[in-house]
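We did not get these values from a lab; they are worked out from the coordinates using the rules stated. The structure presented is a predicted model; accordingly, all values stated were derived computationally and were not measured. Neighbour counts run over all protein chains shown; Cβ positions are idealised from the backbone, glycine included.
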Amino acid sequence: MKAILILAGPYSSCLATENIWRDNCSKNNIEFEMYDLTDNIGKELAKKLNVKSFPALIVNDKVIAVGHPDEKTAEKLIQTLTL
């Protein structure tokens, strides 16, 4: 399983969101990739999935979370993916 995070830019809230998702994926042995909207891959994914809100976490070509989660919410969501 792979989680992909698309960020809107190098903003402090986006970087904090990246750290939360990266840490939780790592703890649960989920592959993690991160792209920015300035990257071609990030732009293409956002377009393909019609993503309008960022940051967006994608798993299996589905947006499963948007915005900046708190640590506990992110942890619970990632754990449900591994069940």
(request) Return the label of the correct value of P(r) over Cα pairs in 5 Å bins from 0, in percent, as calculated from the structure shown, out of (1) 3, 9, 12, 16, 12, 9, 7, 6, 7, 7, 6, 4, 3, 1; (2) 3, 16, 31, 26, 17, 6, 0; (3) 3, 16, 19, 17, 14, 11, 9, 6, 4, 2, 0. (result) (2)
(message) If neighbour count is taken as other Cβ atoms inside 10 Å, put 15, 77 in order from fewest to most.
(response) 15, 77
(request) Can you figure out the FRET efficiency of residue 49 with residue 19, using R₀ = 30 Å and their beta-carbon distance, to the nearest 0.05? (result) 0.85
(message) As a footprinting exposure proxy, order 34, 1 by other Cβ within 10 Å, with the fewest listed first.
(response) 1, 34
(request) Grab the Cα-Cα distance for residue 71 and residue 38, subtract it from 0.36 nm times how many residues apart they are, and report the gain in nm with one decimal. (result) 9.2 nm
(request) Sort 82, 17, 73 so the one with the fewest other Cβ atoms within 10 Å of its own Cβ comes first. (result) 82, 73, 17
